[in-house]
2 protein chains.
Amino acid sequence: MKETIPENPPLGLLLRLVHQHWTQAVDNALDAAGFGDIRPPHANVFTFTPAEGIQVSELTKLAHVRKQTMTQAVEELEKLGYVERRPDPNDRRGRLVFLTGRGKAVRPIASATGRKVDERWAELTSAEEMETLRQALRLLFEKVRDDVPARPASDTDG
Amino acid sequence: MKETIPENPPLGLLLRLVHQHWTQAVDNALDAAGFGDIRPPHANVFTFTPAEGIQVSELTKLAHVRKQTMTQAVEELEKLGYVERRPDPNDRRGRLVFLTGRGKAVRPIASATGRKVDERWAELTSAEEMETLRQALRLLFEKVRDDVPARPASDTDG
DNA sequence: GTCAGATAGTAAGGTACCTGTCTAATATCA
DNA sequence: TGATATTAGACAGGTACCTTACTATCTGAC
């Protein structure tokens, strides 16, 4: 069945459907590149981990996910041999995440999948159309994030 | 911490953040209306259930979620006393979902929360801006949904 | 009339997020 | 310097989606 959508769909439905497609497209791109063991949440780690290492807490801020989500992504990549964690010499509470040799080899592909999906979608519509969408989403997010707190801040969390 | 986003964020990040805000805003609106026991996925049931009853399969097509997701929403609303299920007289495989008296009383509020969030967001930006976004998402979805199947169709599922 | 294939619903299980609470280590400042 | 607040990370648990696999029933082609 073709996923027909009503004439004037609730915004939430559109956001959900497009976001689902995006996630799936990234997953497909990773598979196509031969990295079936890397899933979308892992891509953030490749994108944001610098050579000097980085704490999980920092990664959560860059990727805008919660600590447990990022911790899990890092743990999985550690098991797969793409990253390793070592104590932070400057902060005994923390551990630094580093890419392994294998991780460094994968990084250009893994961190580029998001961009590739963007490019493919620009082919299907147009670069202008994608830019319009991106700007509309950015503007909306800037405006609404300060409205009656959308997600009440946790006490203990970022 | 203010959720600052990079200058040129991946589209997936924007989609996720805005969608999360939307869901949370609907949840807040339901709470504010005094229906803390109704959560966003339930709203679809109120929106799409007609007086003559409807099968869960039909609801899944209207709301664009999978059978189990909708089944769960209906089961929860049944426990809460908002809907009831009766055998479909025309199809012994199926059961029809009906709103109870209580469900009918709630419907106008529950099914309107999505629209209310849309309106609030239009106040925060502008009606034109929201329409631009909606059209951009619609256009994109129409174009990409036929590209290399985003979610390979299941054998057994709609 | 029978039988292949579609469809309604159920069940079991997975993913990517989220929350709250807790411990250890660090930073602050009266 | 000692009380207090903050931060890093671990752990337990929840939500809203998803998939695959199964049974019962219906439908349409022969």
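A simple spin-label model places the labels of B:Arg115 and A:Lys104 5.9 nm from each other, with each point 7 Å out along Cα-to-Cβ. Between this copy and the others, label points of B:Glu52 are 6.9 nm apart in ascending order, each placed 7 angstrom from Cα in the Cβ direction.
Over the Cα atoms of chain B, the radius of gyration divided by the Kirkwood radius equals 1.01; this is the Rg/Rh ratio. Value of Rg to Rh for the protein assembly as shown, rounded to two decimals, is 1.00; Kirkwood radius and Rg both from alpha-carbon coordinates.
Does a label point 7 Å from the Cα of A:Leu80, set along Cα-to-beta-carbon, have any residues of the stretch A:10-39 with amide nitrogen under 20 Å, and which are they? Answer for this model: A:20-39. The fewest-to-most ranking of A:Thr4, A:Thr49 by surrounding Cβ atoms within 10 Å reads A:Thr4, A:Thr49. Distance between the 7 Å Cα→Cβ label points at A:Ala127 and B:Asp147: 1.6 nm.
With a Cα-only, solvent-free Debye model of the stretch B:37-110, what are the log10 I(q)/I(0) values at q = 0.13, 0.14, 0.16, 0.19 Å⁻¹? Here the Debye-derived log intensity ratios amount to -0.31, -0.36, -0.48, -0.68. In this assembly of identical copies, the label point of B:Arg120 (Cα plus 7 Å along Cα-to-Cβ) is separated from its counterparts by 3.6 nm, sorted shortest first.
Can you give the calculated 222 nm mean residue ellipticity of chain B, where each DSSP H run of n ≥ 4 adds -39,500 (n - 2.57) and the sum is split over every residue, rounded to the nearest 500 deg cm²/dmol?
On the way: 6 runs with 94 residues, N = 158.
Value at 222 nm, helices only: -19500 deg cm²/dmol.
B:Ala105 label point (Cα plus 7 Å toward Cβ) to equivalent points in the other copies: 6.7 nm, shortest first.
Which value, in debye to the nearest 20, describes the size of the charge dipole of the stretch A:38-139 about its Cα centre when Lys and Arg Cβ atoms bear +1, Asp and Glu Cβ atoms bear -1, and nothing else is charged? Intermediate values should be presented prior to the final figure.
Values: 18 positive and 14 negative charges, 95 e Å.
Using only the charged Cβ atoms, the result is roughly 460 debye.
The alpha-carbon of A:Lys79 sits under 26 angstrom from the alpha-carbons of these lysines, leaving out residues fewer than 8 places away in its chain: A:Lys61, A:Lys67, A:Lys104.
Taken together, the values in this text are just the output of simple stated rules run on the coordinates, not laboratory data. What you are looking at is a predicted structure, and each value in this text was computed from that prediction instead of being measured. Cβ sites come from the backbone with ideal geometry, for glycine too, and all protein chains shown count toward neighbours.
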